[in-house]
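A quick write-up on the structure given underneath.
The values are calculated or read from the model by the stated rules, or taken from the named source; none is laboratory data. These numbers come from a predicted model, not from an experiment. Reconstructed Cβ throughout: ideal geometry from the backbone, glycine too, with neighbour counts over all protein chains shown.
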Amino acid sequence: MLTPMSASQTGTVLGVTHSLSGRRWLWRTGEERVAAGIAQRLDLPEIVSRLLAARGIGIEAATDFLEPTLRVLLPDPSAMADMEAAADRLADAIRRSETVAVYGDYDVDGACSAALMVSFLRALGCSVHHHVPDRIKEGYGPNAPALESLVARGASLIVCVDCGTAAAVALSAVAGRADVIVLDHHKAEGPPPSILATVNPNRLDDASGLNNLCAAGVSFLTAIATVRALRRSGFFAARPEPDLMGLLDLVALATVCDVMPLTGVNRAFVCQGLKVMARRARPGIAALLEVTQAREKLNAFTCGYALGPRINAGGRISEADLGLRLLLTEDRIEALALAEKLEAVNRMRQDVEAGIMDTAMRAAESQVAAGRAAVLVMGQGWHPGVVGIVAGRIKERFNRPACVAGVADGLGKGSGRSVPGVDLGSAVIAARQAGILVTGGGHAMAAGFSARAERLDEFHAFLDERLAAAADMPSAADLIIEGTLAVGGATTEVARHLERLAPFGAGNEEPTLVLHRARVVRADRVGREASSIRTFLEGEGGGPRLKAMMFRAREGALADALLSRTDAVPLHLAGHLRAEEWNGSVSPTFIISDAAVA
């Protein structure tokens, strides 16, 4: 039986102030009155209604949260600045069968946005070229030589997706020779570039309130607005309208992988997009699912951990447009070949990352011990395609904003990741404006930068001063708990109830529960390089055993406790309860994220 907290409970969960990973376990509060109202109105199990209330979901909003639909949640695309101008110009290009170029980015959102726009325009008769910049040779965003090359190939309209807001100088290179539309979501520092249209809910003068959209979401709304413009002109009198709903698999994948909040319209995008993805009608996604052996029911986890890293891999350390080509191909044989290539590239990426990780972690540990507010580690020849991943791991390990840079030819190129409440992007932008960095930008939680190698120490000092409050943060983030369970109560039925709140991700995290006083009766290392631990648990009084898994468990106090505590004192285990299907049967599995000695 799940025991969520009640309004009267305060303080730490089961008295845990310092778990084996150094974290406090705190209750997530919710109003009993709201929970009772949700349960009564929607005839829901108490578990679900309590969890909804704890997440701030009110009685009136609960139905749309549990059953999100575009019919209810889709905003008016014209609420975004410049949308009408962009849609009218795209509609005109379609009517004239113009040659259009789509300029993308090398991450998942960039690949999905570009694939969406290329597919949409081609379906309506345009000839479409596409370009994704090489991370090493061209860097991020539009550059003049690439834009001029697209114009030379006949493009009279260039659509930049997931980039372009800060590229006024580069975009001016084709002024008078091609119109330019930017479909982006990155934070703007000043006025938009002097082009035909910049559709970006994060531009300074946009009042749409849609700032949580990823670029693929912006592109999807642009496609809707363009169809609306074509419909007004009678374009579809003699031809069918395009299947926009069939593009939602791309929007869902990008929304999850770009870590957008899974609330509001994003929740509808992901829910409906996963249904489209499950049909496996897009050869590239179907092939990648086959290569990754993703046979379970598709969910946000599939997007974020199976598909996303592989689509990202090409842009990180190989051919920048591999992911886009996979998403665009209509040939199933070519799709399988591209998927297998991305799988191999992803393994290479993991090896490159592993070669950096240990050194970076040791350097980070010494900086945290020295009281630095922010971590900045660097290494000669570190690949710029993986430094962001390493920065994310450091941030998770030490609960500090972290930057990692690779140095080559006297120039350091890096990425940073931050923790809630610490705006790293603003600090990086300020360092660039102060002349410390050559380039720099980002948002609160992530940033990219480059600097002359001799100025990286100065940049670190700048971050320490700007983010000084981070020095007082605990070494590990608090873990928010939403309920406790006895091992015997961790059933498939309870797991199915928890699934009602899916899809899970940023803004709607998977419920973290605690199994209290669990005994480890068996534990083994499994997986690639034995990096995971599989355990079987019992309650103190025996009873049925529960399978549990811990991933990324190569070392540390938590891994040691699981491997050494067979028949020893019980543990409180924090994690996620899931219903897993295998060979036609369904059983509960507990995914361990933390533990404390009971």
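Before moving on, here are some points about what is shown:
- Qualifying residues in segment 565-574 (those that are at negative phi and touching a residue at least 40 places away in the same chain (Cβ under 8 Å)) - the one surrounded by the fewest Cβ atoms within 10 Å (Cβ to Cβ): Ala568
- Candidates Ala596, Ala553: the one that is surrounded by 13 or more Cβ atoms within 10 Å (Cβ to Cβ) and part of a loop (DSSP other than H, G, I, E, B) is Ala553.
- Screening segment 313-337 for residues that are assigned to a helix (DSSP H, G or I) and among the charged types (D, E, K, R) and picking the one that is farthest from Ala115 (Cα to Cα) gives Arg316.
- Among the candidates Arg280, Arg332, Arg267, residue that is of a type in the set (Lys, Arg) and surrounded by 21 or more Cβ atoms within 10 Å (Cβ to Cβ): Arg267
- In segment 86-130, the residues that are of a type in the set (Ser, Thr, Tyr), crowded, with 24+ Cβ neighbours inside 10 Å and under 22 Å from Met245 (Cβ atoms): Ser113
- Flag for Thr491 being among the polar types (S, T, N, Q), in contact with a helix residue (DSSP H, G or I) (Cβ under 9 Å, 6 or more places away or on another chain) and either under 30 Å from Ala598 (Cα atoms) or at pLDDT below 95 (or both): no
- Selection count where residues are among the small types (Gly, Ala, Ser) and free of Cβ contacts under 8 Å to residues at least 24 places away in the same chain, scope segment 65-91: 0
- Checking each residue of segment 432-442 against the condition of being in a helix (DSSP H, G or I), touching a strand residue (DSSP E or B) at 6+ places or on another chain (Cβ under 9 Å), more than 20 Å from Met361 (Cβ to Cβ) and not assigned by TED's automatic domain parsing to the domain that holds Pro570 gives at least one match.
- Contact map, segment 404-424: residues that are at positive phi paired with residues that are surrounded by fewer than 21 Cβ atoms within 10 Å (Cβ to Cβ) and not in a strand (DSSP E or B), Cβ distance under 8 Å, separation 6+ or inter-chain. Pairs shown: Gly410/Ala453; Gly410/Glu454.
- Ile94 being in the same structural domain as Thr198 (by TED's automatic domain parsing), assigned to a helix (DSSP H, G or I) and either touching a residue at least 60 places away in the same chain (Cβ under 8 Å) or of a type in the set (Phe, Trp, Tyr) (or both): yes
- Pairs are defined by a Cβ separation below 9 Å, a sequence spacing of at least 6 or placement on different chains, a first member in segment 8-34 that is closer than 13 Å to Ala54 by Cβ, and a second member that is modelled with pLDDT under 90 and of a type in the set (Asp, Glu); no pair meets this definition.
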